[in-house]
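Just so it is clear, none of the values below were taken in a lab; they were calculated from the coordinates. Just so it is clear, the model here is predicted, and its values are computed rather than measured. Cβ: placed from backbone, ideal geometry, glycine included. Neighbour counts: every protein chain shown.
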Amino acid sequence: MQIYQYQTVTSTQDLAKKYLEEKNKENATFIAQEQTSGYGKRGRSFYSPAKTGVYLSVALPNFKPDSDHAGLLTLAIGVEVVKKLKDVFSLNDFRLKWVNDIYLNDKKVAGILTEQTKFGLVIGVGINISTTEFPNGISDHVGGIAQKNFDADQVSKKIIDAIIQATKTYQNPAFLNEYRAISYLNNKKVTLKIGHQHVTGKVITIDDQGRIILLSQNTLHSYSSGEVVTVKFE
């Protein structure tokens, strides 16, 4: 595994994708202290201020998830990343919000992004750790983990290990028992956005295909994609 470290970049995802485009054959990780144009799902901006978080992307040349289990990969990465975060920040109750966010105290503290390219797979993880100030518009639902110094190299290494482990085990749905146990959405009423459609219902579970199961209008519905845009506490 090659590891490239930078002070400031536009996005580690961009660096990882460029690395794959150049047809390199070895796995590589790109780590930055700051991103000026970090992004997450649907290109949404991910706030990445200098030296307060961990921002990295892993490039896996020629890696393509098994088609029968592709929907499980991001979920498996989430489980493994939470395990590693608990190794370092053991007193925190991290939760996974389907499909790619990590929450703490009802605020998003980390995001996971998997992007398939022609030349392989890029897996990005952004974690706000000691970040305390956020831009207007996101400060009500985004937070940091700990208001203290942290060892960025240690956390980065653990996250890389988590990603690689997940790529080896995601095909076995047994890990979903762990996912369900730390799901942020258990028994909550949510609104799921799928394209231009919105569906509201109570979250029943995550099934063995990684789909979210909603009870809506007294009927169970399963969804393999979409974005949970609102969460209501009952």
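Loop-resident GluC sites (Glu not before Pro) (DSSP state other than H, G, I, E or B) in the range 1-38 with no more than 16 further Cβ atoms inside 10 Å of their Cβ: E22, E26. Taking each of K41/K202; K84/K232; K17/K148; K41/K158; K107/K157 in turn, the alpha-carbon distance tops 31 angstrom for K17/K148.
Summary value for the range 5-57: 42 percent relative contact order, contacts being C-alpha pairs under 8 angstrom separated by 6+ residues.
The trypsin sites (Lys or Arg not before Pro) found in the range 115-213 that occupy coil by DSSP, while having at most 10 further C-beta atoms within 10 Å, are K118, K148. For the range 1-54, trypsin sites (Lys or Arg not before Pro) are listed when DSSP marks them as loop and at most 14 other Cβ atoms sit within 10 Å of their Cβ; the list is K23, K25, R44, K51.
Our Cα-only numbers for the range 112-158 put the radius of gyration and Dmax at 14.3, 41 Å. Taking the Cα centre of the range 126-234 as origin and assigning +1 to Lys and Arg Cβ atoms and -1 to Asp and Glu Cβ atoms, the resulting dipole is close to 260 debye. Under the shape rule built on the C-alpha gyration tensor, where the axes satisfy a ≥ b ≥ c, the range 98-234 is oblate, since a/c reaches at least 1.5 while a/b does not exceed b/c. Cα centroid separation, the range 110-146 to the range 55-89: 14 Å. Working from Cα pairs under 8 Å separated by at least six residues, relative contact order for the range 147-234 is 24 percent.
Relative to the longest principal axis of the Cα atoms of the chain, the long axis of helix 12-21 makes an angle of roughly 70 degrees.
Entry note, the range 81-234: relative contact order of 18 percent, from Cα contacts under 8 Å with a spacing of 6+ residues. Each Lys or Arg adds one and each Asp or Glu takes one away; over the other residues whose Cβ falls under 13 Å from the Cβ of G144, this sums to +3. Computed from Cα positions, the angle between helix 152-169 and the longest principal axis of the chain comes to roughly 60 degrees.
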